[in-house]
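The values are calculated or read from the model by the stated rules, or taken from the named source; none is laboratory data. Computed from a predicted model, the values in this text were never measured in an experiment. A quick note on method: Cβ atoms are made from the backbone with ideal geometry, for glycine too, and the neighbour counts reach across all protein chains shown. Areas reflect the complete protein model, heavy atoms only, side chains present, ligands, DNA and RNA absent. Shrake-Rupley method; radii C 1.70, N 1.55, O 1.52, S 1.80 Å.
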Amino acid sequence: MLWAAAGVVALGFLVALEIAARRYGQPGPITNQVRALVFAPRPGPLYCGLALMMVVLTWRQRFVAAGAAIGIDAVFLLVRWAVDAEMTDGNLFGNGALWVMLGCGVIALTRRTGPERVLLLKGVGLGLLLVAGRKTGDTWLLITSKTRPAVLDPYLATADQALGNPSWLVGRMVEAAGPIGNSVLHLVYAQLAVAAIAVAIHQLRNVAAERRFPRHHLVRTFLLIGLLGPGIYMIFPVVGPVFAYGPGASGTGGVHWALANLWPDTPPPISAPHAMSYDEITPRNCMPSLHTAWATAIFIHTRRAPRILRFAGTFWLVATLTATLGFGYHYGVDLIAGVVFVLTIEAALRSHDRGWDRPGIQLVAYGTAVFATLLVSYRYLPMEMAEHPWTFGPLLLLAMASVIYGYVRTTRLWEPTATPVRQREPQPEMAALTPSPSVVGSMSEASGLPTPTAPRS
């Protein structure tokens, strides 16, 4: 019933986004998903969705599914070359993965029964949700650019003075690192979904053997971040430093709509902020930083993984934070809000799984209150924050640290503790039956056997 209700809600949400996108003359997530069955798909996590679905299959079924997907893509590729069809951004593959996922859904409905049908449908739904999440995110970003003509970047740039303008500082560091460091950061930033799938597959590696999903895994957190985050974009529309404050030395950004050409060489002056108009193309996707939230989720879910995944999770978090600031996509205050945002979501999901005990409710309520306080402060106290950086800077970091501490402390309380095995106490009647050393010596002399001696230390 829960999965059915979730499916109905998701379908209604997709229909609403489809209608909203059509109002602005753009295809919505449902149309883009249907087009991907025939036309060259946009670059996206189609094969990542297939890999996620295959956690419910046996190894033989996985090889069959992967082979079928590659074969279907090969046929589509030959047909497109034959008719000289247009490729979307040069993307050649992906249709086969979508066809295989839909085919597994049909098999689940027609050839499976009972728990096996439910398990396969869960796998298919998880894979399709990942794919639909990308389409939904694109539509959300379109809606933010069309419905929010004014952005609040000057407020965040002013509030960021309390942290020392970290985007300007890290932006100069990334430029000084040269093309190799720049390329590595771009790769990490763009392939965040691939890293998440690698961690999720590790967490779900035993689903096929155990015939059930674990209680909590990374995909749930990822999807919920992507669902709730754009709603905050609508409340606090921001385009980012590289767009609001000029192309700078990188040669990118909002050339015609920027307030001034300042990033990353010259920090913005402290002045009374005001909303500024911006184009209807650039997404308002800065507050909170969802890349920070997703990278933090990966870090959290790799803490109990093998060492290589723990190192990878830490590297991905540090590199993502560096990229979000160094490329001018986010302000420092965005990152603080993103960390609080994801920890509150993680706490809510884990509390739901446990049955909403008192520590879980308190943690979720506290994280929500801190997140709301951050947004209100950024909007209504930016001048005070800029004029008193040694007061508000530590307060911002302390607010984030308090949520981190609360999360770590609460989740440790939820961890099962091993109960020590009690040692059995010697019984009096057993001690009475044990012969004394003198008796043992007398018996040995009578029998001619050597008297036992205590072992030397």
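Please pick out the residue among 61, 26 that is open to solvent by 40 Å² or more (accessible area, probe 1.4 Å), polar (S, T, N, Q), at pLDDT 80 or above and over 30 Å from residue 144 (Cα atoms).
61
Can you tell me which residue in the stretch 327-373 is modelled with the lowest pLDDT, limited to those that are touching an Asp or Glu at 6+ places or on another chain (Cβ under 8 Å) and of a type in the set (Gly, Ala, Ser)? Steps first, please.
First, the residues of the stretch 327-373 that are touching an Asp or Glu at 6+ places or on another chain (Cβ under 8 Å): 331-333, 351.
Narrowing the set further to residues that are of a type in the set (Gly, Ala, Ser) leaves 332, 351.
Working: 332: 95, 351: 92.
Result: 351.
Failed condition for residue 293, given (1) part of a helix (DSSP H, G or I); (2) hydrophobic (A, V, I, L, M, F, W, C); (3) surrounded by fewer than 24 Cβ atoms within 10 Å (Cβ to Cβ); (4) touching a helix residue (DSSP H, G or I) at 6+ places or on another chain (Cβ under 8 Å), with all others met?
The one condition residue 293 does not meet is (3).
Which numbered condition in (1) over 19 Å from residue 320 (Cβ atoms); (2) of a type in the set (A, V, I, L, M); (3) surrounded by 20 or more Cβ atoms within 10 Å (Cβ to Cβ) is the only one that residue 234 fails?
Checking residue 234 against (1) over 19 Å from residue 320 (Cβ atoms); (2) of a type in the set (A, V, I, L, M); (3) surrounded by 20 or more Cβ atoms within 10 Å (Cβ to Cβ), the one that fails is (3).
Any idea how many residues of the stretch 64-101 are among the polar types (S, T, N, Q) and either exposed (fewer than 13 other Cβ atoms within 10 Å of the Cβ) or at pLDDT 90 or above (or both)?
Taking the stretch 64-101 and keeping what is among the polar types (S, T, N, Q), we get 88, 91, 95.
Going one step further and asking which of them are either exposed (fewer than 13 other Cβ atoms within 10 Å of the Cβ) or at pLDDT 90 or above (or both), we end up with none.
The qualifying residues number 0.
If residue 260 satisfies all but one of (1) open to solvent by less than 20 Å² (accessible area, probe 1.4 Å); (2) among the small types (Gly, Ala, Ser); (3) not in a helix (DSSP H, G or I), what's the number of the condition it fails?
So the condition that residue 260 fails would be (1).
Out of 304, 310, I need the residue that is closer than 18 Å to residue 193 by Cα, basic (Lys, Arg) and open to solvent by 30 Å² or more (accessible area, probe 1.4 Å). Which one?
The unique qualifying residue is 310.
Does residue 177 satisfy the condition of being open to solvent by less than 60 Å² (accessible area, probe 1.4 Å) and part of a helix (DSSP H, G or I)?
No; evaluated as a whole, the condition is false for this residue.
Report yes if some residue within the stretch 376-392 is in a helix (DSSP H, G or I), open to solvent by 40 Å² or more (accessible area, probe 1.4 Å) and under 24 Å from residue 221 (Cα atoms); otherwise report no.
So far as the stretch 376-392 goes, no, none of its residues is in a helix (DSSP H, G or I), open to solvent by 40 Å² or more (accessible area, probe 1.4 Å) and under 24 Å from residue 221 (Cα atoms).
So which of 195, 200 is more than 16 Å from residue 320 (Cβ to Cβ), among the hydrophobic types (A, V, I, L, M, F, W, C) and surrounded by 14 or more Cβ atoms within 10 Å (Cβ to Cβ)? Break it down into steps so the answer makes sense when it comes.
Numbers: 195 fails: more than 16 Å from residue 320 (Cβ to Cβ).
The match here is 200.
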